[in-house]
Amino acid sequence: MNKVILASKSPRRKQIMEMLNIPFEIIVADIDEKINPDNELRSEIENISFLKALKVFNDNKDAVVVGADTIVVVNNEVLGKPKNEEDAKRMLKLLQGNMHHVITGVTILSNNESETFSNVSEVYFIPLTDEEIEEYIKTKEPMDKAGAYAIQGIGAKFIKKINGDFYSIMGLPLSELGLKIKKYL
């Protein structure tokens, strides 16, 4: 079996990879994750996932490298990780009572081939009061999450419904990745 590397520091992606029951190691890919707003978002996210995988692959040519990136989009605004508590509050106010999209791009890269794909899910938030937003921010959970919430954490209580892949919203589309990575092993 080929060595598998996850090019991510995300504990959620690590958790999802573990669910595939494939041995892997983690090497963090430090790249510029800047999105060009003039380009189609899905292709931009796929490109970032490719750049992450490539950065790690360049030093690990014998491995199968998985790179990924996830963004939240509401009213055509991309929400990354909040810069501070005020930014988290601003994001949560945009999300509350609305539907938004979560786009996760994934690249699987080996010395024989590569594959890049993405998954788009719809997430519907319940209406939130300013107090609920403040209380959630006090938990610190929003601070390192795209869109300032964690669907698998305390933030789950704000989710009315989803159309799409729960695990993709967390950071990796579990079943799709599981099906695709088999041919690399």
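The values are calculated or read from the model by the stated rules, or taken from the named source; none is laboratory data. Because the structure is predicted, anything quoted here is derived from the model rather than measured. Quick reminder, even Gly has a Cβ in these numbers, built from the backbone with ideal geometry, and neighbours come from all protein chains shown. Protein only, heavy atoms only, side chains kept; ligands, DNA and RNA dropped before computing areas. Shrake-Rupley method; radii C 1.70, N 1.55, O 1.52, S 1.80 Å.
Among the residues making up the range 136-169, a single one is in contact with a Gly (Cβ under 8 Å, 6 or more places away or on another chain), in a loop (DSSP other than H, G, I, E, B) and at pLDDT 95 or above: 149.
For beta carbons closer than 6 Å, sequence separation of 6+ or different chains, a first residue in the range 61-76 that is of a type in the set (S, T, N, Q) and a second that is buried (at least 22 other Cβ atoms within 10 Å of the Cβ), the qualifying pairs are 70/104; 70/146; 70/171.
Scoring residue 181 on the criteria (1) within 22 Å of residue 21 (Cα to Cα); (2) in a helix (DSSP H, G or I); (3) open to solvent by 60 Å² or more (accessible area, probe 1.4 Å) leaves a single failure, condition (3). For the range 64-81, residues that are over 21 Å from residue 47 (Cβ atoms) and open to solvent by 10 Å² or more (accessible area, probe 1.4 Å) total 1. Per the listing 91, 99, the residue uniquely over 30 Å from residue 61 (Cα atoms), in contact with a strand residue (DSSP E or B) (Cβ under 8 Å, 6 or more places away or on another chain), modelled with pLDDT of 95 or more and buried (at least 18 other Cβ atoms within 10 Å of the Cβ) is 91. Within the option set 61, 14, 3, 52, being crowded, with 20+ Cβ neighbours inside 10 Å and among the charged types (D, E, K, R) holds for one residue only, 52. Only one entry in 102, 123 is of a type in the set (A, V, I, L, M) and either assigned to a helix (DSSP H, G or I) or more than 21 Å from residue 7 (Cα to Cα) (or both), namely 123. Any idea which of (1) at pLDDT 95 or above; (2) in contact with a strand residue (DSSP E or B) (Cβ under 8 Å, 6 or more places away or on another chain); (3) open to solvent by 40 Å² or more (accessible area, probe 1.4 Å) is the one residue 33 doesn't satisfy? Failed condition: (1).
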